[in-house]
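Q: One structure is given below, represented as structure tokens, and several questions about it will come after.
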Amino acid sequence: MPVDYPRLTTRIRALCHAETDTVALMATVACEVHHAHPLADWTGFYRVTAPELLKIGPYQGGHGCLVIPFARGVCGAVARSGRALIVPDVAAFAGHIACASTTRSELVLPVLNGAGRLLGVFDLDSNTPTAFTAADATALAAILNEVFRDVG
């Protein structure tokens, strides 16, 4: 069953209206997307907390990695490049970090504020191969751009 992105966007827009706290926004987006995407087993954020370093932020699902350097994994690659990555088979991604041994596919998007500063990355993991599509990436990027444009 595909995600109803117009409905999800409307819901997130209403929940996040006038909020500017980055962590509160991340928690809300993670929760809403996790419950909306039928194949998402882990949904959350890794925040930029130091140069070239991501630390776990708000998420839904089992435990995630606590720290990810920009030099490692899918999340690090997205933080370095500023471009979304859809990984249909994590076993085929050189340098994939297995935070959960059951993860089979992944979608990671950069999270930027309106000034273009990287706040972190948004990571969706699935125990199903090829769980995420370009349509997911496009719709989620639009949501992230809207939600985080006015934060520091």
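Q: Note down the nm distance, to one decimal, between modelled labels 7 Å out along Cα→Cβ at residue 113 and at residue 149.
A: Result for the modelled spin labels: 1.6 nm.
Q: Can you list the residues, at least 5 places off or on another chain, whose amide H is less than 5 Å from the amide H of residue 42, using H built in the peptide plane?
A: Counting only residues 5 or more places away or on other chains, the set is 125.
Q: Something else: Please work through the chain and write down the cysteines that have no neighbouring cysteine Cβ at a distance under 4.7 Å.
A: That list is 16, 31, 75.
Bear in mind that the values in this text are calculations on the coordinates, not laboratory data. Everything quoted here is computed from the prediction, not taken from an experiment. Methodologically, a virtual Cβ is constructed for each residue, glycine included, from the backbone with ideal geometry; neighbour enumeration extends over all protein chains shown.
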